[in-house]
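Here is the structure we will look at, set down as structure tokens.
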Amino acid sequence: QVQLVESGGGLVQAGGSLRLSCAASGRTFSNYAMGWFRQAPRKEREFVAAISWSGGNTFHADSVKGRFTISRDNAKNTVYLQMNSLKPEDTAVYYCAADPSFRTIATMTSDYWGQGTQVTVSS
């Protein structure tokens, strides 16, 4: 089992920044690729960014590329999502997930998910 707890969400004006954190406990954190996903009201959950177990590989959705950056600190069992130049369309509940496979994490079939943290961007 892997337990995930997100934090760092809140209300921010357009153009502002937030950093989300996802703290993991349970099984060895460094064995898992980690991902961030989001779900806006009345929309399906979508992939945002993923990072390999070592942190050496990352990829980001086109909608956030150049504005958001995923990173991890295996010593702290934490993955981060730095969000800059936020837009109203970034408003959503943000979730982190853990998956043994970096190749498939974007498919949202992970067994381990956090409870989510709300991000609201005002115009």
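Protection proxy ranking of 63-75, 85-97, by the mean of other Cβ atoms within 10 Å over each peptide's residues and highest first, is 85-97, 63-75. The mean accessible area for residues of the chain, using a 1.4 Å probe and ignoring ligands and nucleic acids, is 51 Å² per residue. Once the chain from Thr28 to Ala14 is taken as fully extended at 0.36 nm per residue, the excess over their C-alpha distance is 1.3 nm. Surface composition of the chain: carbon plus sulfur atoms contribute 46% of the solvent-accessible area (1.4 Å probe, protein chains only, all chains present).
Does the chain classify as rounded, prolate or oblate by the C-alpha gyration tensor (a ≥ b ≥ c root eigenvalues; a/c under 1.5 gives rounded; else a/b over b/c gives prolate, otherwise oblate)? Since a/c reaches 1.5 and a/b is larger than b/c, the shape of the chain is classed as prolate. Distance from the C-alpha centroid of the range 30-67 to that of the range 102-123: 7 Å, rounded to the whole angstrom.
When you restrict to C-alpha pairs under 8 Å that are six or more residues apart and normalise by the size of the range 1-74, the relative contact order lands at 21 percent. Here the dipole of the chain is about 100 debye; that uses its Cα centre as origin and unit charges on the Cβ of Lys and Arg (positive) and Asp and Glu (negative).
The values are calculated or read from the model by the stated rules, or taken from the named source; none is laboratory data. Remember, predicted model here, so these are calculated numbers, not experimental data. So basically every Cβ, Gly included, is an ideal-geometry build from the backbone, and we count neighbours across all protein chains shown. Each accessible area value is taken on the protein alone, full model and side chains, heavy atoms only, with ligands, DNA and RNA left out. Shrake-Rupley method; radii C 1.70, N 1.55, O 1.52, S 1.80 Å.
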